[in-house]
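Please read the structure below before turning to the comments.
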Amino acid sequence: MGSYSLSGKRCRGFNPKGNTVRPIEKCGSRVLPTLLVLLTLALGMMVSAARPAYAADLVVSTKAISAPAGFRGVCERYAWACDRSSKASVHGAEAQLELAYRVNRAVNRQVREISDQQQYKQREYWALPTRRGGDCEDFALLKKRELQRAGIAPDRLLIATVLDRRQRAHAVLVLRTDRGDYVLDNLTSRIKPWNKTGYSFIRMQDPTTPSGWTVVMRGGIFRT
């Protein structure tokens, strides 16, 4: 984009007394900074109005991206995994987190870890755990289903793909509460805010369209 200067050109401004537009003699050093300040304040108010009530760093921010390869077919096999219509009966962060803790611990105890390669002879295949067990994506799917059945709204339960602390590919379930995003993980029964896990978040289900995904690139190695 080319640069230009307003110096020496006549501009038009607002006359507060007459509520009319009047010429400003010159766009000099005093007028231009004032305009920049007003513009900055206006943009700041627009951004603030768009923010949720909680601090921005408590929630995983996102942009659209294609779904992980292993996710293909999940919505057809499990309609609830991409549902937005279910009504919630569990409200409030405290109640949601208490329920999530119980489900996370129960699933982690009951399901045995086994890779997709061992079970399906495929590198990636997302499905509910079988009697043999499941891998991290399967854990996340089961927790998502159980929490929906227990009364948490589908748009608050989002599967995310991450790099763990050793930078290995991993998947978790994100619970979106009024306090921010919390992570349910098959590697631990603790539930932590997403930005306290040490994980590098790559992408996550779109809360408005769960069949779609969003890019994250925050936390861990991304240092944001």
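The values are calculated or read from the model by the stated rules, or taken from the named source; none is laboratory data. Being a predicted model, the structure only gives us computed values, none of them experimental. Note: ideal-geometry Cβ built from the backbone for every residue, glycine included; neighbour counts use all protein chains shown.
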* To do: With the condition kept exactly as written, say whether any residue in the stretch 168-178 is of a type in the set (D, E, K, R), surrounded by fewer than 18 Cβ atoms within 10 Å (Cβ to Cβ), assigned by TED's automatic domain parsing to the domain that holds Gly198 and within 27 Å of His91 (Cα to Cα).
  => yes
* **Candidate set: the stretch 182-216, residues that are surrounded by fewer than 23 Cβ atoms within 10 Å (Cβ to Cβ) and charged (D, E, K, R); chosen: the one farthest from the chain's Cα centre (by Cα)** => Arg190
* Which condition number in (1) farther than 26 Å from Glu94 by Cα; (2) not in a strand (DSSP E or B) is the one that Thr214 fails? -> (2)
* Among (1) among the polar types (S, T, N, Q); (2) closer than 20 Å to Arg156 by Cα; (3) not in a helix (DSSP H, G or I), which single condition is Asn104 missing? -> (3)
* To do: Considering only the stretch 136-184, state which residues are in contact (Cβ under 8 Å) with a residue 40 or more places away in the chain and part of a loop (DSSP other than H, G, I, E, B).
  => Gly151, Ile152, Ala153, Arg165, Gln167, Asp178, Arg179
* To do: Scan the stretch 23-39 and give yes if some residue there is at pLDDT 95 or above and over 21 Å from Leu187 (Cα atoms), otherwise no.
  => no
* Counting just the residues of the stretch 187-207 that are assigned to a loop (DSSP other than H, G, I, E, B) and touching an Asp or Glu at 6+ places or on another chain (Cβ under 7 Å), which one comes out modelled with the lowest pLDDT? -> Pro207
* Out of Gln117, Gln96, which single residue is part of a helix (DSSP H, G or I) and buried (at least 19 other Cβ atoms within 10 Å of the Cβ)? -> Gln96
